[in-house]
Amino acid sequence: MLIKRSRGWDIPERLATPESVFLDRRALLGGAAGLVAGSLLAPRLGLAAAGPYPAPRNEAYTLDRAVTPERYSGDYNNFYEFGTAKTVLPAANALKTDPWTVKIDGLVEKPFEIGVDELIRKAGLEERLYRHRCVEAWSMAVPWTGFPLAKLVAMAKPASGAKYVQFQTFLDKAMAPGQRAFFYPWPYIEGLTLAEATNDLAFMVTGVYGKPLPNQFGAPIRLALPWKYGFKSIKSIVKVSFTAERPKTFWEGLQASEYGFWANVNPAVPHPRWSQASERVLGTNERVPTLIYNGYGEQVAGLYKGLEKERLFV
Ligand SMILES: Nc1nc2c(c(=O)[nH]1)N[C@H]1C(S)=C(S)[C@@H](COP(=O)(O)O)O[C@H]1N2
Ligand SMILES: [Mo]
C-alpha cells in the first residue's frame with residue numbers, strides 16, 4: 001500500500017515507498033521491537049499500518065507559516081527533567097515510556113488508571129497543525145497527533161465541585177537527572193480551568209510528524225495548548241487530577257511574578273525581562289510579530305470574559 005497523502009516534512013522517498021518496506025526499515029533503524037510487533041499484529045486487528053500512526057489530519061487547523069522541520073524542533077527542546085540546555089535529546093533517551101499509565105483522580109465519579117495504549121484506542125487519534133510559542137520568544141509549527149483533552153475529561157466524569165484540572169509529570173530522580181536539582185519544585189505541575197480543558201483546542205498529544213512522540217518532545221503523552229505560552233504544555237503526564245482549588249504550577253512555584261497560572265500569549269504584555277512583541281521562528285530564525293492568543297483568539301477569547309481582573313497574560 002502506498003502512503004498517498006502529501007506531508008510537507010516527509011522525505012519524498014517515503015511517499016513512494018511501499019509501507020511494508022518502510023516499516024522494515026524503521027524496525028532496522030530503531031531497535032524497535034514494538035514496531036515489529038505492531039506490524040505483525042496489524043493484519044489481525046484489520047489495521048493497515050503499524051498502530052495508529054500516521055493519523056488522519058483534522059483540516060480545521062491550518063497554519064500561516066511552514067511546518068518546522070523535525071531536525072530543528074526535535075533538537076531544541078525545553079525538558080528540565082533532563083537538563084536546562086535546549087539539547088536535551090541525548091539525555092532524554094533515559095526516559096522509559098513503556099509501560100506507561102495515567103492516573104485520573106480527585107473530584108471524579110470514580111478514580112481510575114489507564115494505560116496510554118488503551119487511552120489512545122478509546123479516544124482515537126487525529127493530526128493537527130498547531131503553532132507553539134515559548135515564553136522565551138521562540139516559536140515553531142508542528143503536526144501533533146493526539147485527541148481533544150475534552151475526551152479525557154468526559155471519560156473522567158468530573159464531579160460538580162470540580163473547577164480545575166491539574167496535570168503532573170513523572171517523578172524519578174534516578175531516571176531524570178534534572179530532578180536532582182533541589183531548587184526546582186518537582187514534579188512539574190500544570191493546570192487549567194475546566195472550561196479551558198474542554199475547549200476544543202486543548203489537545204492531548206501522543207505523536208508528532210506522523211509517528212509516536214520522540215522522548216524529548218514529552219513522550220508518551222503531553223499537552224498542547226497553542227494559545228498559551230509553551231510552559232503550560234506539560235510533558236510526560238502521569239496524573240490528571242480534578243480539583244476545586246486552582247493548581248499551584250511548577251513555574252508559579254519557582255517565579256510567580258514571571259510565570260503565572262494563565263499565561264495566555266499577548267504581544268502587548270512584556271515579560272518582566274524581555275518583550276513579547278515578536279518571536280524567533282525555529283529553523284529559519286526569522287522574526288515575526290506575535291499574535292494575541294498566538295492567533296487563536298477566535299476559539300479562546302470567550303473563555304476569559306469576566307476574568308479581566310486576573311493576570312491573564314503572565
Ligand atoms: N514536564 C515538562 N514539561 C514541559 C517542560 C519541562 O521542562 N518539563 N517545558 C515546557 C516548555 S517551557 C516548553 S516551550 C515546551 C517545549 O516543548 P518542545 O520541547 O516539545 O518544543 O514544553 C513545556 N513542557
Ligand atoms: Mo517554553
| request: Only Lys, Arg, Asp and Glu count, each charged at its Cβ (+1, +1, -1, -1), so figure out the dipole size of the stretch 13-304 about its Cα centre, rounded to 20 debye. | output: 260
| query | Treating the beta-carbon of each Lys and Arg as +1 and of each Asp and Glu as -1, no other charges, what is the dipole magnitude of the stretch 216-314 about its Cα centre, to the nearest 20 debye? | reply | 240
| Lys309 to Arg280: extension gain in nm, 0.36 nm per residue of separation minus the Cα-Cα distance? | 7.4 nm
| message | Order 155-167, 281-293 from most to least packed using the mean count of other Cβ atoms within 10 Å. | response | 155-167, 281-293
| note | Dividing the surface of the Cα convex hull of the stretch 181-302 by four yields a projected area in nm² of 9.1
| said: At 7 Å along Cα-to-Cβ for each site, give me the label-to-label distance between Leu63 and Ile292 in nm. | reply: 2.5
| message | Through the Karplus equation 6.51 cos²θ - 1.76 cosθ + 1.60, θ set to phi - 60°, convert the phi angles of the stretch 195-203 into ³J(HN,Hα) values in whole Hz; use x for Gly and Pro. | response | 5, 5, 5, 9, 5, 4, 6, 5, 10
| Given a Förster distance of 30 angstrom, what is the FRET efficiency for Arg121 paired with Asp172, based on the Cβ-Cβ distance and rounded to 0.05? | 0.70
| Amide hydrogen neighbours beyond the local backbone of Lys239, cut-off 5 Å, H modeled | Lys103, Gln168
| Rg to Rh ratio, the stretch 13-304, alpha-carbon atoms and Kirkwood radius? | 0.95
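Laboratory data are not the source of any read-out in this text; all were calculated from the coordinates shown. If you're wondering where the values come from, they're calculated on a predicted model, not measured in any experiment. No Cβ is skipped: glycine too gets one built from the backbone with ideal geometry, and neighbour counts run over all protein chains shown.
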